[in-house]
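Peer 1: Below you will find the structure I want to go over with you.
Quick note: the coordinates plus some simple rules give every number you see, no bench work behind them. Because the structure is predicted, anything quoted here is derived from the model rather than measured. Heads up, the Cβs are rebuilt from the backbone with ideal geometry, glycines too, and the neighbour counts pull from every protein chain shown.
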Amino acid sequence: MEKENKKGISRRTFIKSMAVGAAGVAAAGALAGCGEKEPSTSGGAKAEKEARYSFEVPPEPIPAKNIKKTLEADVVVVGAGLSGLSAAVRAREKGAKVIVIEKGSSWTGRGGHFGVAESRVMKKMGIVNDKKEIARAWIAQCGNRANEELVWLFLNRSGEAMDWLLDKAEAANLTVGILDAYYKGPTYREYPGTHMFLGGPMMKEGKEPGQDVSLLLYNEAKRLGVEFYFKTPGEQLVKEGNRVVGVIAKAEDGYYRFNASKGVVLATGDIGGDKEMCEALAPLALKANGSQYYPVGQNTGDGHKMGLWVGGTFEDPPFAAVIHPQAFSWLSYFFLFVNQQGKRFMNEDTWVQAKSLGAMRQPGKGPWAFVIFDSKWPEEVAASLPIGGGMFWDSMGRLVGQKWTPDADRKTIEGYIEGGKIGWMADTIEELAGKIGVPAENLKATVERYNELARAKNDVDFGKRSELLTTIEKPPYYALKFGGALLVVTGGLNVDVKLRVLDKDHNPIPGLYAVGNVSGGLYGVDYPTTIPGNSHGRALTWGYLVGSTVMEG
């Protein structure tokens, strides 16, 4: 279960309320695999001596005498999240005998946004994306470090995967809608394709709607005869020659060996819960206002490590991290941003990652900032949405065909003000400065300068579009505290277009696959919201594709 965010409201609560309205790590190639035979003393010592981090050192093989039970399957999936469940269901549909092992006590799911390039629901609504345009925007936003083959694999096959899921969702009476709250500006443009699945049993219990998708896939897997072993974390892969033939996991009563005649699919989530791995591979993740990764205590890079230990390689670090401005207020809009010195620091007309990273670079007691606006905000937000919008500006759950109203935001802001820790209201700018703890003379000067630029309709300081320059002059005045929270680290093992894990020579390791956030290559220096929710879309698509082809070997 997701814990309530002490610094604000949880993602679950917010989405629920709004929905209604090929280089590897140094020395990685030298690391020995975890096969049947124990590595020589000299080889193990050499690897440990060359390693810079503990996760680079393979553990000693688990002795055969310690294996309490051996089970046979065609496909073993390690992890029961979205990507693992998708892989398991699809592989079973293709005739495989499938076993899923999971570290936690149950399947997992989160969020509510599932972004893909196309689907039959979108086509029915007349929504057609230009894939070439999306690809160029995606690759640019990833700093030209994305594997373009994987980008195009996602763009060309994600619709197929979504249609597969839609059949199951509609049969389960889930309501499917397309999110309209995507950024419509010219530079950081986002594209429609974010699916939401509403009205399921998990959502009715007050949980995130994304959990209904995982529940749906889990129930389908059970119906098809997929076997699940919970509280059974995978610890070591088993190799025979160059092929991965199984995985050893630690159940509550001892070690089990799960043999996989066709393949092992790593679907263990990200590295967000392993501090050392983040320090080495995604240091920016540790600079956020805390972590909201899920499930708590489980995403410790287990699949990354197991893949590395058998000769797999990581994409070039630093890994991209999903850092969204939801650590405190879930509303930041496009109004004036000021740091803890009361000074403006960026063009506020931007996308979610930029807001988070911009605030994180500012001086002060922590990596946060404030958005300042006045009582005209309902009219100004409404006018901005056709040319801007996106998450934390528009509603997180406004679907195509629904009109934005300020009611939900007004209630949210009132709640923040009542709490007195992330939202404030005052009759003067000086009073507001005192409440948020910034120098009054600085904030007053900043607002005066901003009003001057707004009246001139020419932001010579940071270049905001003139149509989004609005004055701050009609009391009461408002301030909301915002800052980036880590959701997930989206980097991992190098894979090819069949999602096979690659070694240091870019050759696939037979029998080993990686999906979801264990796999790398789709992102780069930053996580793109080119299609909001594409991390979930990637998990769905990669799981579906692996399940479709794993029996081919």
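Peer 1: Which of rounded, prolate, oblate describes the stretch 135-292, given a ≥ b ≥ c as roots of the alpha-carbon gyration tensor eigenvalues and a/c under 1.5 marking rounded, otherwise prolate only if a/b is larger than b/c?
Peer 2: oblate
Peer 1: Once you sort the root eigenvalues of the Cα gyration tensor of the stretch 328-483 as a ≥ b ≥ c, which label holds: rounded (a/c under 1.5), prolate (a/b larger than b/c) or oblate (the other case)?
Peer 2: Details: a/c = 1.37, a/b = 1.19, b/c = 1.15.
Note, shape of the stretch 328-483 comes out rounded.
Peer 1: Kirkwood hydrodynamic radius, computed over distinct alpha-carbon pairs, for the chain: how many Å, to one decimal? Show your work: numbers first, answer last.
Peer 2: Values: mean 1/r = 0.0413 Å⁻¹.
So the Kirkwood estimate lands at 24.2 Å.
Peer 1: In whole angstrom, how far apart do the alpha carbon centroids of the stretch 327-391 and the stretch 447-485 sit?
Peer 2: If we compute the Cα centre of each part, the gap is 10 Å.
Peer 1: Counting alpha carbon pairs within less than 8 Å and at least 6 residues apart, what relative contact order, in whole percent, applies to the stretch 328-483? The partial results should precede the final answer.
Peer 2: Numbers: 252 pairs, mean separation 57.6, N = 156.
That works out to 37 percent.
Peer 1: About its Cα centre, how strong a charge dipole does the stretch 168-320 have in debye, to the nearest 20, once Lys and Arg get +1 and Asp and Glu get -1 at the Cβ?
Peer 2: On the way: 16 positive and 19 negative charges, 51 e Å.
Using only the charged Cβ atoms, the result is roughly 240 debye.
Peer 1: Let me spell out the model: positive unit charges on the Cβ of Lys and Arg, negative unit charges on the Cβ of Asp and Glu, origin at the Cα centre of the chain. What dipole size does that give, in debye rounded to 20?
Peer 2: Details: 67 positive and 64 negative charges, 94 e Å.
Roughly 460 debye for the chain.
Peer 1: Exposure proxy check: Lys207, Lys343 ranked by fewest other beta carbons within 10 Å? Each step should come with its number before you reach the end.
Peer 2: Working: Lys207 21, Lys343 18.
Going from least to most buried by this count: Lys343, Lys207.
Peer 1: If you rank Tyr513, Tyr182 by fewest surrounding Cβ atoms within 10 Å, what's the result? Present the calculation step by step, with values, prior to reporting the outcome.
Peer 2: Numbers: Tyr513 33, Tyr182 26.
Lowest count first: Tyr182, Tyr513.
Peer 1: Taking neighbour counts of Cβ atoms within 10 Å as a proxy for exposure, in what order, fewest first, do Met425, Met196 appear? Intermediate results must be reported in sequence, preceding the final value.
Peer 2: Working: Met425 17, Met196 25.
Ascending Cβ contact count within 10 Å gives the list Met425, Met196.
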